[in-house]
Amino acid sequence: MKEAPEAEPDPWDENRFFDKNREGWFWYLEMKKEEKRVRKREAPSRQLPPTLNEMRKQAEKLLSRAVEEPTEAHLLAYIQYQRLVMQRAEAFAHTWQRVLWEHPDLDPTVENPVVTAGLSVARAEKAKKRDAKLLNLARSSGIFYFFAGDCPLCEIQSPLLAGFARSYGFSVVPISLDGAEDPLFGSAKVDRGAAERLGVSAAPAIFLVRPQTGEVLRVGTGLLSMEELGERLDRLAGHVEEER
């Protein structure tokens with residue numbers, strides 16, 4: 001009596017897959033022993049080199065190797081090393097912050113707070129100091145204002161400058177580049193070569209003038225807001241004070 005032939009194995013029998021779980025289920029085969037040895041040999045150290053220079057050299061070495069030979073093992077070594085570096089950097093940052101808390105004389109946020117409420121107070125105090133400097137500057141200095149009748153930016157600059165000058169008491173000397181008048185400043189002087197001597201090539205142009213010393217300092221060329229005028233004249237006021 002002939003033995004019955006063995007049945008063909010069902011290729012879709014789920015038990016075949018579960019019985020081979022050591023192969024990594026359906027598609028993930030067990031890593032070759034040789035690759036395991038390579039990974040073990042190239043596994044990164046759990047500690048960083050002792051000096052910053054050596055840390056950088058090690059990072060460059062691992063990065064170069066990962067770029068030149070982008071194997072999984074090389075990339076893993078570089079990524080894990082970068083994580084160690086980031087952890088060290090975070091520890092440095094946390095210690096830095098604690099040191100500043102302990103030494104408020106070194107903490108920049110004491111005088112320049114980052115909290116919204118503190119920022120408002122700091123800005124108000126800064127504006128108060130700037131206003132005092134500009135009021136004092138206006139007592140000894142004036143403004144040359146070069147404009148032109150066919151200049152569209154001058155039509156915007158003139159009222160801004162007039163309002164700024166009234167706020168701080170600056171005397172403004174309007175100088176017309178083309179002989180036109182500016183109704184906001186009354187009769188303007190016609191340019192007789194001052195623009196060329198000061199290098200005025202476009203309008204509007206504003207200069208700070210110090211009659212006592214004969215010094216003329218360029219504030220700016222082109223349209224300037226009242227805020228920008230204040231900031232620039234504040235810096236020039238500091239320059240004036242340093243020379244005294």
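The values are calculated or read from the model by the stated rules, or taken from the named source; none is laboratory data. In this text the structure is predicted, and so the values were computed from the model without any measurement. When we count neighbours, we look across all protein chains shown, and the Cβ atoms used for this are built from the backbone with ideal geometry, even at glycine. Accessible surface areas use protein heavy atoms only, side chains included; no ligands, DNA or RNA. Shrake-Rupley method; radii C 1.70, N 1.55, O 1.52, S 1.80 Å.
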Within the stretch 143-152, identify whether any single residue is under 33 Å from the mean Cα position of the chain (by Cα), free of Cβ contacts under 8 Å to residues at least 60 places away in the same chain, within 22 Å of LEU184 (Cβ to Cβ) and surrounded by 12 or more Cβ atoms within 10 Å (Cβ to Cβ), and answer yes or no.
-> no
Residue selected from the stretch 159-205 under the condition among the polar types (S, T, N, Q) and either touching a residue at least 40 places away in the same chain (Cβ under 8 Å) or open to solvent by 20 Å² or more (accessible area, probe 1.4 Å) (or both), by the criterion farthest from GLU227 (Cα to Cα) | SER187
(1) at pLDDT 90 or above; (2) open to solvent by 30 Å² or more (accessible area, probe 1.4 Å); (3) touching a helix residue (DSSP H, G or I) at 6+ places or on another chain (Cβ under 7 Å); (4) outside any strand (DSSP E or B): which one isn't true of GLN212, the others all being true?
-> (1)
So which residues in the stretch 150-174 are part of a helix (DSSP H, G or I) and either closer than 15 Å to GLY222 by Cα or hydroxyl-bearing (Ser, Thr, Tyr) (or both)?
-> PRO152, LEU153, CYS154, GLU155, ILE156, GLN157, SER158, PRO159, LEU160, LEU161, SER167, TYR168
With (1) modelled with pLDDT under 90; (2) open to solvent by less than 60 Å² (accessible area, probe 1.4 Å) as the list, and ARG235 as the residue in question, which single condition is left unmet?
-> (2)
Could you give every pair whose Cβ atoms fall below 6 Å, whose first residue belongs to the stretch 53-79 and is closer than 18 Å to ALA89 by Cα, and whose second residue is open to solvent by 60 Å² or more (accessible area, probe 1.4 Å), counting only separations of at least 6 or pairs across chains?
-> TYR78/LEU63
